[in-house]
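First the structure, in the form of structure tokens, and then the observations on it.
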Amino acid sequence: MSTLTRFFARPAPVVARELIGAAFTVDGVGGEIVETEAYEPHDPASHSFRGMTARNASMFGPPAHAYVYRIYGLHWCFNMVAERGSAVLIRALEPLTGLDAMISRRGAADPKTLCAGPGRLCQALAIEGRHDGLPLAEPPFALSLPKQSRSVDVATRIGVREATPAHLRYCMAGSAYLSRKARSSQS
DNA sequence: CTTTGGATTGTCT
DNA sequence: GACAATCCAAAGA
């Protein structure tokens, strides 16, 4: 079993927390992950909550693979599959390589908003439906895990209304590249 | 600065 | 037919 597979074959909140600071690129374009959210089968807000369907099949596939879906009819969202039925939504990253390609695709040049948000991130990295189900360990993807633990803020998820607000959103502390400021944050 | 509403389509009920 | 893990522009304070 590869290192990457072992890393992802764990509960989504753990994986989401430890992904902060990882370097991720698609065809050489990407940067450092600064914001993630965790989704698990027992969570009503998760796509996997009501079992497997044609759309969310990738969430029930092997770990360390991509789960890509379209949201609100016009944006793409990119997830990394953790243990069975669980996934980590990549919400934002700090652009480091391929800035020219990102700016060209996004039609905007401000690095602080280039990849700040799931839809923007996918647009900047050219992630589309065809990437759904692909292994993260192989091209066009490249993922290297953080070498050391980072200072991470924990907050409630965005766009999810839940009866018992769980703190399943993870942000790099002090990063200027988040989709929104980490408000009700603890450690 | 914050808040609000429209865009737009695949998926499930 | 309703709605969704969002983004952006426009309007208000």
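The values are calculated or read from the model by the stated rules, or taken from the named source; none is laboratory data. The shown structure was predicted, so the numbers you read here are calculated from the model rather than taken from an experiment. Cβ atoms come from the backbone with ideal geometry, glycine included; neighbour counts cover every protein chain shown.
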When both residues are 6+ apart or on different chains and their Cβ atoms are under 6 Å apart, which pairs have a first residue that lies in segment A:116-141 and is away from DNA strand C (no atom under 14 Å from the Cβ), and a second that is of a type in the set (A, V, I, L, M, F, W, C) and in a loop (DSSP other than H, G, I, E, B)?
A:136/A:64
Does any residue of segment A:45-60 turn out to be assigned to a helix (DSSP H, G or I), under 18 Å from residue A:26 (Cβ atoms) and of a type outside the set (Asp, Glu)?
yes
Kindly check whether there is at least one residue in segment A:147-165 that is among the aliphatic types (A, V, I, L, M), in contact with a helix residue (DSSP H, G or I) (Cβ under 7 Å, 6 or more places away or on another chain), under 22 Å from residue A:97 (Cβ atoms) and at pLDDT 85 or above.
no
Suppose we filter segment A:1-43 for residues that are hydroxyl-bearing (Ser, Thr, Tyr), surrounded by fewer than 21 Cβ atoms within 10 Å (Cβ to Cβ) and in a strand (DSSP E or B); how many remain?
1
Name the strands (runs of 3 or more DSSP E) wholly inside segment A:77-174 in which the number of residues that are in contact with an Asp or Glu (Cβ under 9 Å, 6 or more places away or on another chain) and surrounded by fewer than 16 Cβ atoms within 10 Å (Cβ to Cβ) is 3 or more.
none
Only residues that are closer than 22 Å to residue A:30 by Cα and among the hydrophobic types (A, V, I, L, M, F, W, C): list them for segment A:131-161, please.
A:134, A:136, A:137, A:141, A:142, A:143, A:145, A:152
Taking the residues in segment A:44-53 that are of a type outside the set (D, E, K, R) and surrounded by fewer than 14 Cβ atoms within 10 Å (Cβ to Cβ) as candidates, determine which candidate is farthest from DNA strand B (Cβ to nearest atom).
A:44
Got a number for residues in segment A:54-70 being more than 8 Å from DNA strand B (Cβ to nearest atom) and either farther than 20 Å from residue A:1 by Cβ or surrounded by 15 or more Cβ atoms within 10 Å (Cβ to Cβ) (or both)?
11
